[in-house]
Amino acid sequence: MAADAALLTSTGESNGTPNMFGQLGQKLLLVAGIAAVVAVMVVFWLWSQKPDYRVLFSNFADKDGGAIVAELDKLSVPYQFAEGGNAILVPADQVHQVRLKLAAQGLPKGGNIGFELLENQKFGVSQFVEQVNFQRGLEGELERSIQSISAVQAARIHLAIPKPSVFVREQQYPTASVLLNLHNGRRLDGQQVAAVVHLVASSVPNLSADHVTVVDQNGNLLSDNANKTKQNGLDPEQMAYVENMQNSIARRVESIITPIVGAKNVHAETSAEIDFSMTEQANESYKPNTKPDDMAIRSAQSHESQNASGSNGAVPGALSNQPPGESTAPINAPGAQAPGAEGAAPAAPPAPPQNTQKDNTTNYELDKTVSYIQQAKGGIKRLHVAVVVNHIPVVDSTGKTTYRALSNAEKQQVSDLAMQAMGFNKERGDTISVVNTPFIAEAQEKLAEPPLWKDPLVIEYGKDALRFLAGVIVLMMVYKKLLKPMANKLTGADKKEQALAAGAAALTGPDGLPIAGAAGAEGDDTLVTLSGDATALPSGLDQTLQAAKQVAKDNPRMVANVVSSWTSAEK
């Protein structure tokens, strides 16, 4: 009876209010465990993901950088530094929001002050202060303009603007000094330096480009390169022009010969003499006259005059002042009548002699040549081309590759093509040389492969695998130590074990021996077996027996252990 009372008491307590609170606590613990696992998984996922950071500000002054970092700490925004501390990175999804918040506070203020300095001019300032503010604003605007060049990280400009003078002799011109801080590994070529010089010179009145000095952060004088080039007689543009022309001619020669000998079997080099002098010439030349029949007549003039011989028409002088000659005519000419004869006509005087003069003048065109010659810069004076051709590969019927030299006809063909491609001019003095020789293959040096553990790709994959493995281990530990016990309690596994223990205690007598037959109070016909039906059992024992039967069905190994302990106890 004492055992039954104890069993009834324990059963009653398990079905009472304390048992209900115990089950509620187990459910709460299970929910808390599930929440903890979810939190661990979220933390692990966030930890495994690489945050995407973007540039918030770069190329800022140290003072602005300190103010920005202090404000980010107040806003609880994570940040990183990049480019040696010259850039601040924040998460990509917060870049625009943080920029607007910092802009509302006037950050970054910037190291360059432009013409906005003149917006808050105080009333009553002196003319000197106005001039200084204007000069500071002009310097700041020029610095901003120069910093927009990709290779320039920062710029400082100092302007020396003298006071205007009414005297011409005392007139002074402004000067400028430019200090450029270039990005690492970047430099400015001659054209870019000239652009900076002309930008500054064009922004300041009466400032000449010769009075602008440009210096980089290493103290190198950049603006003097152009002057040195002029003094040495070397022009970078002209040198680049020559190099480009030589490369162009060499590529043309290689491209025309490559289809004949194959790719990488021809190499050409060109040496060009370029005339950069600019000349103008005017010529006027005359050639000897040719035959009159072949000459062009410019103009012709003809003059003819006749004069009678006599005193009237004679020229005064000793030769004309002579007496007339004797008459030769007969006095009595045949058929002539005597003077005074009746019906006779007077004889006509003899005709005086005539003096005729003709003048012909013909002007012919001169064989004249007038020429004006203007020769532009960059003309080719002479070209020298050298061509090297590899032996031609020949594959026989067995698949073996051999090399043979070019024949004379093939070599002449290559030479003719090269001459046409280069624009060969014999009168100019151009030369070309074609050589056929086998090429020596370059020995390829085999670089030792890095060990597997030094391979960046393997290292990256290893980090990802370790990160994943660590997360799996954490999840397994949480499941085994927290979730599994809670799940067992919630599903009743612990209850079955407790019921089995209670059933074993109920089926064991006071002396520790199992009950083989009838058990219970005197006069009670209760038959207790593990496999039979329970009839008329005491209160509480029926539930315990049913729980023991269910445990024996679900977990026979545990029941076997209990029976084994009974057997050992009987011995």
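The values are calculated or read from the model by the stated rules, or taken from the named source; none is laboratory data. These numbers were taken from a predicted model, which means no experiment stands behind them. Here the Cβ positions follow ideal geometry from the backbone for every residue, glycine too, while neighbour counts run over all protein chains shown. Side chains included, ligands, DNA and RNA excluded: accessible areas come from the protein's heavy atoms. Shrake-Rupley method; radii C 1.70, N 1.55, O 1.52, S 1.80 Å.
So how far, in whole Å, is the C-alpha centre of the range 57-109 from the one of the range 129-166? Measuring centre to centre over Cα atoms gives 27 Å.
Going by accessible surface with a 1.4 Å probe and the largest first, MET278, MET422, MET295 read MET278, MET295, MET422.
Accessible area of GLU410 (1.4 Å probe, protein heavy atoms only, ligands and nucleic acids ignored): about 50 Å².
What the phi angles of the range 28-38 give under the Karplus curve with 6.51, -1.76 and 1.60, with θ = phi - 60°, is a coupling list of 4, 5, 5, 4, 5, x, 4, 4, 5, 5, 4 Hz, glycine and proline written as x. Ligands, DNA and RNA aside, ASP430 has an accessible area near 10 Å² when probed at 1.4 Å. Summarising the amide proton neighbourhood of ILE432: residues at separation of 5 or more, or on other chains, whose placed amide H is nearer than 5 Å comprise VAL385. The phi-based Karplus calculation (6.51 cos²θ - 1.76 cosθ + 1.60; θ = phi - 60°) puts the 3J(HN,Hα) values of the range 148-163 at 6, 5, 4, 7, 9, 8, 8, 9, 10, 10, 10, 9, 10, 10, x, 6 Hz, whole numbers, x for Gly and Pro. Computed across the range 385-441, the Kirkwood radius stands at 13.0 Å (inverse of mean 1/r, all Cα pairs). Per-residue surface analysis assigns PHE439 an accessible area of about 80 Å², computed on protein heavy atoms at 1.4 Å probe radius.
For GLY379, the residues 5 or more places off, or on other chains, whose built amide H falls under 5 Å of its own are ASP275.
Please sort by residue number the trypsin sites (Lys or Arg not before Pro) in the range 373-415 whose DSSP state is loop and whose Cβ has at most 15 other Cβ atoms within 10 Å.
Here the trypsin sites (Lys or Arg not before Pro) that fit, given the DSSP loop and packing criteria, are LYS377, LYS400.
In terms of distances greater than 31 angstrom between alpha carbons, the cross-link table entries LYS63/LYS463; LYS74/LYS463; LYS264/LYS400; LYS480/LYS549; LYS480/LYS553 yield LYS63/LYS463; LYS74/LYS463.
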